[in-house]
1. Average projected area of the Cα convex hull of the range A:290-444, in nm²?
2. Please compute the Kirkwood hydrodynamic radius of the range A:804-884 from all pairs of different C-alpha atoms, in Å with one decimal.
3. Once phi is turned into θ = phi - 60°, what whole-Hz ³J(HN,Hα) does the Karplus curve with 6.51, -1.76 and 1.60 give for every residue of the range A:7-18, x standing for Gly and Pro?
4. First measure r as the distance between the Cβ atoms of A:Asn428 and A:Glu525, then evaluate 1/(1 + (r/R0)^6) with R0 = 30 Å and state the FRET efficiency to the nearest 0.05.
5. I'd like the distance between the alpha-carbon centres of the range A:37-54 and the range A:370-415, rounded to an integer number of Å.
6. Kindly rank A:585-594, A:919-928 from highest to lowest mean number of other beta carbons found within 10 Å of each residue.
7. Could you tell me which of rounded, prolate or oblate describes the range A:369-471, using a ≥ b ≥ c as the square roots of the eigenvalues of the alpha-carbon gyration tensor, with rounded for a/c under 1.5 and, failing that, prolate when a/b is larger than b/c and oblate otherwise?
8. Just to be sure I understand the curve: with the Debye formula and one point per C-alpha of the protein assembly as shown, what is log10 I(q)/I(0) at q = 0.07 Å⁻¹?
Amino acid sequence: MKKPEPDELKNSEERYRALFENAVDAIFIATSDGFFTDVNVSGERLLGYEPGELIGKGISDILHPEDMNRFLVVRESMIEGNARNDEWTLVRKDGTFIPVEISANMLFGQYFQAFVRDITERKRMEELSKRLTRHAALRAEVHSAMSSGEKSLQIVLQSTMESVVRNTDAAFARIWLLDETENVLQLEASAGIYTRIEGTHSRFKVGEYKIGEIAALKKSLFSNSILEIEQIEKEWAERERLVSFAGFPLIVNDKVIGVAAMFSRSAMPDDVLEAFESISAVIAQGVERKRAEDQLLLMKYTIDHVFDSAAIIAPDARFIFANDACCKSLGYTREELLKLTVHDIDPNFPVEAWEDHYNNLRAQKFLAFESNHRRKDGHVFPVELSLNIFEYNGQEYNFAFGRDITERKRSEAELREKQELLQTIFDNSAMVIYVKDLDGRALLVNSVFEEILGLASKDIIGKTEMELWQSSPTLQENAQEVIEDYRDLDSEVFKTGTPAQREESFTVAGVERTFLTIKCPIYDESGAPYAVCGISTDITERKRAENKLREKQLLLQAIFDNSPMMIYVKDLDGRIRLANRGFEEILQLSEKDIVGKTELELWGVSAILQENTQQSIEDYRQFDLDLFETGQAVEMEETFSVNGEERAFWIIKCPLYNESGEPYLICTISTDITERKRAEVELRTNQQLLQAIFDNITALINVKDLDGRYLIVNRSFKNSIQLSHEQISGKTANEIWELSPALSGDPSPSLEIYHAFDMETLAAGKALQKEMILPVKGSDGVALITKCLLYDSTGQPTSILTISTDITEIKRAEKEMRRLQTELEHAARAMTMGALASSIAHEVNQPLAGIVTNGSACLRWLAMDPPNLEEARNAVNRIIRDGNRAGEVIARTRALLKKTPTQISVLDINEIVQETITLVHSEVQKNQILLQTNFSAALPKAAGDKIQIQQVLLNLLVNGVEAIKTATGGGAAQLSVETRKYEENNILVAVKDSGVGLDAGSLDKIFEAFYTTKEDGMGMGLSISRSIIEAHGGRLWAIPNDGKGMTFQFTLPVETYKE
Amino acid sequence: MMDESQAIVFVVDDDQSVREALDSLFRSTGLKVQAFASAQEKLVCR
């Protein structure tokens, strides 16, 4: 390339600058990184900037943000060397947008050069053209929709609104149609963002809100600033981003029939409004036409489908029009009928009568009467006609309505018949029939009602129940209550509309009567109840009979079901007709296996019956037949084998008679009497046994009634008082005393005691025992008398049984026994004491030795010069003490050796133990035994015989010493005595030795009499000890020690008596 | 021969009566007496 000259260059530069500055197109030059270096005047003007103001700004400052991404792509393409021609949206200084077309290329490989042309106008035209095309489509769609005949108006309108939304920028579009009766606009179609037509804005009163205002003023309303329209909810409009609104009244023949409206999110240009206005007009016309069409269709449909005949008759009696019902009722096709006249089908209107009739009709304008029509087949039927005259286009027509009243005539006749029938029933029925109105006033009553009330019809009709009740001579009960009850039932009947039935009782002429009353509502033609009909049947007798029967039935059923007897009923063929549970159980079959079966069949399935094969079925059968023959009930006892056990049954067979008096069933009732028989036998045996005892027992037995009269006495009783049964029976004790040679003395003290005992027994209600002196002459005997009560089956005491046993001998023996026991105890004691004799002697010897020595010492103290009186006095004091000590030992020994009767006193056990230990003291020492005592300080007192308790202690201590003496081998010789409280109410004394012990065999026997382990023992000590302790209410036993020896211990009950 | 005034008689007897009587008798002769219930007691006391 040739390098240009400087002048040439300058000229070129200037030329280019002029071109640049004056170009119509806007020219922008920017660096490759997007900053403007040069913008011409057109460019600055286009974007509204001051000259030079854009220099240094970037492309991003003027490019619409949405175009930025595209710009980056385009920029790449340009850097690659491509020239571009694209459409963009630029942002002006004031923020408005401007559509432009930009031709751009790279300059010197480092600048963008862009030629920018404003295409606003072109864009607008394009959009307008687009809109107009859509509006044309909209108009076409609306036209097409509105002329579619088949669809319903609502569907058609909806499709028009959908067309509006589709073909404009409308957010939604709606149509309201005027409901003239209510003067309300009803939403019929809604398309776009709202499609519901039942919502809150579905109804506007004319004049109310914008839509109503449009209808009221017949004026369209339009705004591109929806927020400025009053009565539009601003919030809602803002939320939906709505901008514009247009509403047009739908007007036909100067009458508003509705409103069409559209809402848009952008401003609506005039062309949109025009399009909407024009389709509104089309829609209005369409709605009107569609409505007219629908109405016509409906009319035609109605005329054709009414049951009544409808026809239009010309003045000359020709048929001009006849509906389907008319043709059908007359039996002609429409073509045939339209060729006929009234004369042909109505015998009452021949040609000669027509003129008069027609004139009459013309004068009256309307006629209604009954006539007859003749069908094509010649059948004549009654009709009801209504005629009228109307003029149309100067021509007179007769419009005739006819109705076949054959059915009505027939039902009228039937009704009449029925009514007569009902009247007859009403007049002659034995039931009480009455009809009351809603206030309870009598409308109609029959003669029975009159009779019951004892009132004449004229005194009944129109009266309320209360009035009737008060004026009736036969009804006396509490009217108020009864009538309220009636009213309740009546209103219930009215409310539910269904008849009610109940039984009611009241007193008529002093007699309680029961009625079965049925109440039913009576309706007028409109279906409203206006009266209640009551029908009461006197069921007093029936009710009474029913009740009796039911009671009896229930009773019999209960007996039948619950009887332990086996009951079954057979018919003449031997089939079981009825069987109770007892029968089912014995056969071990269920009801269904029994009823309907013959005996032979039962024999086949019942194990129980099979056991009794010796009973032949033939015999049974014959028996039954004989029974039918004689008609007499039979009773017998029979034995059957049941589960291998012989059982006795008491069987009653009786025939049952039918109404004509012939036997037709046999009832068999079997009772298992095995147990009863067994019980009878047992009872008899028992009775014999008791009788034998009663007769032979030595005790005296008598039974007295509660008045004290003897009823039964036994032989011993008779013998003892030497009187016969006859003499005793029925007498009181007093009377017997007089009679008996065996009784003597003043009876009253004895009898008082006996009587008191009787009373005591009665009060106690249980057997009582007492010992009493026998009142028999010459006897000092003692009797043990037992008394108890005898009761009747209801548990009431009826008599007193007295058993007296002569225990004189027993008493004597007891006394002797006690004496011997004492002897024995004494002997044992003496023996024990004997064994201790040397020890006891030592116990006495010691103090004696002391006394002697003290005496000597005393003399010596006195012989001194001067005599030592102090020492002498001390010696004498010791002599006295030792003398007492020796005396005590002797006293104790004597007490133990004395034979004394038992004497019970309160005992301090510790003290007794201590005293007893004194007696064995020397024995213990002699054998070098360590004696330990451990006495409980808080030991309670015991009651008993001191000597006897000491004897037991002595026995145990001596045994202990001897056991220790016998023991071989080492170990300490120890004897310990312990006293303590034992269990709740006992004192325990334990004597523990370290002696030889006992083997297991001996342990069981040591308490037996004459058992001893000692060479010189008698074997009485422990035996007597145990009997002593047990007589005191305590226990004596032995237990082997853990180590050596045994422990013998006994308990005594604590003395509970408090001093 | 021991000086009589120096001699002590030990009385050992488990019976109190005998023990006390002997104690008194010996003392009435002018002897010094010590009485014990057992030999063991005597030994313990010494």
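The numbers here are math on the coordinates, done by the rules we state, and not lab data. Only a predicted model underlies this, so the values are computations on that prediction, with no experimental measurement involved. Quick reminder, even Gly has a Cβ in these numbers, built from the backbone with ideal geometry, and neighbours come from all protein chains shown.
1. Numbers: hull surface 63.1 nm².
Value for the range A:290-444: 15.8 nm².
2. Details: mean 1/r = 0.0590 Å⁻¹.
Hydrodynamic radius (Kirkwood, Cα only) of the range A:804-884 equals 16.9 Å.
3. 4, 4, 4, 5, 4, 4, 4, 5, 4, 4, 4, 4
4. Numbers: r = 29 Å, r/R0 = 0.96.
Once the sixth-power term is evaluated, E becomes 0.55.
5. Cα centres, the range A:37-54 to the range A:370-415: 97 Å.
6. Numbers: A:585-594: 15.2, A:919-928: 17.8.
In decreasing order of mean packing, A:585-594, A:919-928 become A:919-928, A:585-594.
7. Numbers: a/c = 6.92, a/b = 2.51, b/c = 2.75.
Because a/c hits 1.5 or more and a/b fails to exceed b/c, the range A:369-471 counts as oblate.
8. Summing over Cα pairs of the protein assembly as shown leads to -1.11.
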